[in-house]
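Accompanying notes for the structure given below.
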Amino acid sequence: MAKQYSFYPGCSSQKGASSSNYLTSTNSMCKYLDIQLNEIPDWNCCGASIGYAGGGELPRITLSARNIALSEQHNPGQDVVATCAACWLATREAKERLDHSEQMKADANTALKEAGLVYNGQQKARHMVEVLIEDIGFEALGKGVKKPLKGLKIAGYVGCQTNRPFGVNGESFENPMYLDNMIETLGAEAVTYDQKVTCCGGALAFSEPEKSQKQIKDIIESAYDHGADMIVTPCPLCQANVEIYQGEVNKRFGTKFNIPVTYYSQLITVAYGGSASEAALDGQLIRATKLEDLAGK
Amino acid sequence: MSKYRNSFLKEVEEKVEEGNWVKMCMQCGVCAGSCPFGPHWAHPPQEIFMMIRAGKREEVLSSDSMWMCTSCYQCIVRCPRKLPITHIMHGLATYASRLGLVPKSQPTQAFGQLFWDNLVKVGRVNELKLSLGLYFKDGFGQGVKNAMAMQSVGLGLMKAKRLNPMEFFGGHGVSDKSGFHAMLKKAQEIEDQRKKPA
């Protein structure tokens, strides 16, 4: 029987939004892995990190409390699973605050009452990579590989928010290995480079482009210097920042970057025999041609 | 004992998110050395903590340092005293906003507010309106220039179906808008009550 999860897809995954390719490939990946994602009905934005500026503490935490309350009501007994790093972080952080403070929980529930909801704190908030690592495991993941991603050299870019402050159980903050292990499990080569957990600037890519593009440049430069021909990440903002600003970075720093940045869900889909469209490879601004070729074989 | 405590530290402890941790800082500076935007902070976190303890209210709250936080959480995981530094910085920035002490045209404050207002409207972020709001925040002329400069990024995203021009006329949102808005209004009321500036 399929594993069931209460799914929190997040704003950027929606049709016509910046990580819609993440959702398409996640759905394909889950079909191959026999994972059933039950979307939380009427979920709302988590406030991301930058939401602090306008939202403050309680309104921000109440956003996540509403999602968890809806999940508890409609998908009882299931873990909340997010694909977006910020969605996961905000939800897990909110749960921690709500469960550690009676006052915060009471306040959030007073607000939730206005929407006819109640937060009980019964469900865990997890990231999709945790499901892959902990509930499926690398060994089982490797068994389903039909097309090993042979010859691909991939820089696993973990970034910040799937890694800090919570991270994946048993991994170090400075050098988490799960993404490299996943890449190797799929038959590709994981490149060792020194910018695996460097910040891409996050939301400040919009407000402080110059400072953020320096971060992005360092990440891509290191990936290239260590022989990577693709970058893969578990975070939609890492993906967007590192992929779409390459033209800007090139203009600013005189570089000639043109490296594809994909999601782990796209790699898994292709390795499991999925087509390029199932892996949403048409959603790349910089086409992942080597992966497309493999998918087409 | 309270008379030995300066009033700004007390204010931060009471009114700023996770502010009760400030006194735990031991001034090692690992946060400053770990921050990706470290060189851009006029006062790195450990300095901010010391300034709070020294009662430098105006200097702290009107500084744009806290607005350099990218929410990467590097400082939190490396802090030997386990201070939730990221959240304290967010808290100080928010508190400064409430008091109207943020430097004029601080870009991250402006973008953060834009983001919040955007998501509150229909319950989900409308990326098209968010980008346009950012480009046009300094008026129409500058907006057109900004939009033109980012044209290739926008067109690339549209081609990849990751930006939808039709979002301008509506787009995704929650169904229970009235419940969502009533909930946030109540949360804001309670927040205002608890965090009312001293």
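Comparing mean-square fluctuations of B:LYS159, B:LYS121, B:LYS82 from a GNM of chain B with C-alpha springs under 10 Å, the top value falls on B:LYS159. Taking a ≥ b ≥ c as the square roots of the eigenvalues of the alpha-carbon gyration tensor, the range B:107-195 is classed oblate because a/c is 1.5 or more while a/b is no larger than b/c.
Listed by chain and number, the lysines whose C-alpha is less than 17 Å from the C-alpha of A:LYS214, apart from same-chain residues fewer than 8 away, are A:LYS196, A:LYS251, A:LYS256.
How high is the relative contact order of chain A, given as a whole-number percent (alpha carbon pairs under 8 Å, six or more residues apart)? Reported as a whole number, the value is 19 percent. Scanning chain A for long hydrophobic helices, with DSSP H runs required to stretch 27 angstrom or more by C-alpha along their axis and to average at least 0.0 on the Kyte-Doolittle scale, returns nothing. Rounded, prolate or oblate: pick one for the range A:137-296, where a ≥ b ≥ c are the square roots of the eigenvalues of its C-alpha gyration tensor, a/c under 1.5 means rounded, and failing that, prolate if a/b is larger than b/c, else oblate. Oblate shape, in that a/c is at least 1.5 and b/c is the bigger or equal ratio. Per residue of peptide A:243-250, the mean number of Cβ atoms on other chains within 10 Å of the residue Cβ is 3. Summing charges over neighbours of A:SER6, with a neighbour being any other residue whose Cβ is under 9 Å away from its Cβ, gives -3 when K and R count +1 and D and E count -1. Farthest toward the positive end of the dipole of chain A, out of A:ALA17, A:VAL158, A:GLN73, is the Cα of A:ALA17, where the dipole comes from beta carbon charges about the Cα centre. Note on B:161-168: average number of Cβ atoms from other chains within 10 Å of each residue's Cβ is 5. Rolling a 1.4 angstrom probe over the protein heavy atoms with all chains in place gives the range B:135-182 an accessible area of 63 Å² per residue.
Per-residue packing, averaged as other Cβ atoms within 10 Å, sorts the ranges B:38-46, B:70-78, A:274-282 into the order B:70-78, A:274-282, B:38-46, beginning with the highest.
Restricting attention to the range B:107-195, lysine pairs at least eight places apart or on different chains and with alpha-carbon atoms under 23 angstrom apart total 17. Take the accessible area of A alone and of B alone, subtract that of the pair with a 1.4 Å probe, and the total buried over both chains is about 5600 Å².
Please give the FRET efficiency for B:ASP138 paired with A:THR255, using the beta carbon to beta carbon distance and R0 = 41 Å, rounded to the nearest 0.05. The calculated FRET efficiency here is 0.90. When only the Cβ of Lys, Arg, Asp and Glu is charged (+1, +1, -1, -1), the dipole of the range A:3-128 relative to its Cα centre reaches about 260 debye. Report, ordered by chain and residue number, the aspartates and glutamates lying within cross-link reach of A:LYS31, taken as a straight Cα distance under 19 Å and ignoring same-chain residues fewer than 8 apart. Counting by Cα, and skipping residues close in sequence, A:LYS31 has these aspartates and glutamates nearby: A:GLU39, A:ASP79, A:GLU130, A:GLU134, A:ASP135, A:GLU139, A:GLU278.
Ordering B:HIS90, B:GLN46, B:MET66 by Cα displacement along the dipole of the range B:2-98 toward the positive end leaves B:GLN46 in first place; charges were set at the Cβ atoms of Lys, Arg (+1) and Asp, Glu (-1). Excluding same-chain neighbours fewer than eight residues apart, the aspartates and glutamates reachable from A:LYS143 by a Cα-Cα span under 14 Å are A:ASP34, A:GLU184. Remark: accessible surface ordering of A:VAL118, A:VAL145 (largest first) is A:VAL118, A:VAL145, probe radius 1.4 Å.
The values are calculated or read from the model by the stated rules, or taken from the named source; none is laboratory data. Just so it is clear, the model here is predicted, and its values are computed rather than measured. Every residue, glycine among them, receives a Cβ derived from its backbone with ideal geometry; neighbour counts consider all protein chains shown. Only protein heavy atoms, including side chains, enter the accessible area calculation; ligands, DNA and RNA are left aside. Shrake-Rupley method; radii C 1.70, N 1.55, O 1.52, S 1.80 Å.
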